[in-house]
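Encoded as structure tokens, the structure appears first; notes follow it.
The values are calculated or read from the model by the stated rules, or taken from the named source; none is laboratory data. No experiment lies behind these values; they were computed from the predicted model shown. FYI the Cβ positions are ideal-geometry reconstructions off the backbone, even for glycines, and counts take in every protein chain you see. Side chains are part of the model used for accessible areas, which takes the heavy atoms of the whole protein and leaves out ligands, DNA and RNA. Shrake-Rupley method; radii C 1.70, N 1.55, O 1.52, S 1.80 Å.
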Amino acid sequence: MAGQHAAPAEELHRAVHDAGLFAGAFRPKSEVVVTAGKDHTVRAWDVKTGKEALAIPGHFGWVRALAFTPNGATLATSSFDNTVKLWDWDELK
């Protein structure tokens, strides 16, 4: 849309992970970015508004990395709790 742009990165960092941000990834073919941080949570953000769209709890340690499959259907997250989790994106919404 004309006149709208993504929220500044520093604004997302402050709003998302006060304790620290480890990773971020864009979901393919969407306007969503996900972030991972020291709060043990993965969060999804609307790129246009900068507002949180989804919080994904489930790890017991800092979430260190994340990635989507090429079609955006599955999100993989890894944590300092020594786990890797696979999330079905459609089931999260």
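Given the criterion open to solvent by less than 30 Å² (accessible area, probe 1.4 Å), at pLDDT below 95 and either out of contact with any strand residue (DSSP E or B) (no Cβ under 7 Å at 6 or more places or on another chain) or within 13 Å of residue 33 (Cβ to Cβ) (or both), identify the matching residue among 50, 72.
Working: 72 fails: at pLDDT below 95.
Criteria check complete, one pass: 50.
How about segment 1-41: which of its residues are modelled with pLDDT of 90 or more and assigned to a loop (DSSP other than H, G, I, E, B)?
27, 28, 29, 30, 31
Among the numbered criteria (1) within 22 Å of residue 19 (Cβ to Cβ); (2) open to solvent by 30 Å² or more (accessible area, probe 1.4 Å); (3) assigned to a strand (DSSP E or B), which one does residue 86 miss?
Among (1) within 22 Å of residue 19 (Cβ to Cβ); (2) open to solvent by 30 Å² or more (accessible area, probe 1.4 Å); (3) assigned to a strand (DSSP E or B), the lone unmet condition for residue 86 is (1).
Just to be sure before I move on: is residue 44 hydrophobic (A, V, I, L, M, F, W, C), touching a strand residue (DSSP E or B) at 6+ places or on another chain (Cβ under 9 Å) and at pLDDT 90 or above in the structure I sent? Don't jump to the end; show me each part of the working.
Numbers: hydrophobic (A, V, I, L, M, F, W, C): yes; touching a strand residue (DSSP E or B) at 6+ places or on another chain (Cβ under 9 Å): yes; at pLDDT 90 or above: yes.
Taking the combined requirement at face value, the residue satisfies it.
Is it the case that residue 58 is of a type in the set (Gly, Ala, Ser) and either touching a Leu at 6+ places or on another chain (Cβ under 9 Å) or at pLDDT below 90 (or both)? Before the answer, list the steps.
Numbers: of a type in the set (Gly, Ala, Ser): yes; either touching a Leu at 6+ places or on another chain (Cβ under 9 Å) or at pLDDT below 90 (or both): yes.
For residue 58, the condition - of a type in the set (Gly, Ala, Ser) and either touching a Leu at 6+ places or on another chain (Cβ under 9 Å) or at pLDDT below 90 (or both) - is met.
Does segment 51-83 hold any residues that are of a type in the set (A, V, I, L, M) and assigned to a strand (DSSP E or B), and which are they? It would help to see each step written out before you state the result.
The initial filter retains those residues of segment 51-83 that are of a type in the set (A, V, I, L, M), namely 53-56, 63, 65-67, 73, 75-76.
Passing the criteria: 53, 54, 55, 56, 63, 65, 66, 67, 75, 76.
Of the residues that sit in segment 53-66 and are closer than 12 Å to residue 25 by Cβ and over 9 Å from the mean Cα position of the chain (by Cα), which one is surrounded by the fewest Cβ atoms within 10 Å (Cβ to Cβ)?
First, the residues of segment 53-66 that are closer than 12 Å to residue 25 by Cβ: 63, 65-66.
From what's left, over 9 Å from the mean Cα position of the chain (by Cα): 63, 65.
Values: 63: 30, 65: 13.
Among those that are closer than 12 Å to residue 25 by Cβ and over 9 Å from the mean Cα position of the chain (by Cα), it is 65.
Looking at 43, 27, 64 in this structure, which one is in contact (Cβ under 8 Å) with a residue 24 or more places away in the chain and in contact with a helix residue (DSSP H, G or I) (Cβ under 6 Å, 6 or more places away or on another chain)? Talk me through it step by step, then tell me what you get.
Numbers: 27 fails: in contact with a helix residue (DSSP H, G or I) (Cβ under 6 Å, 6 or more places away or on another chain); 64 fails: in contact with a helix residue (DSSP H, G or I) (Cβ under 6 Å, 6 or more places away or on another chain).
Answer to the check: 43.
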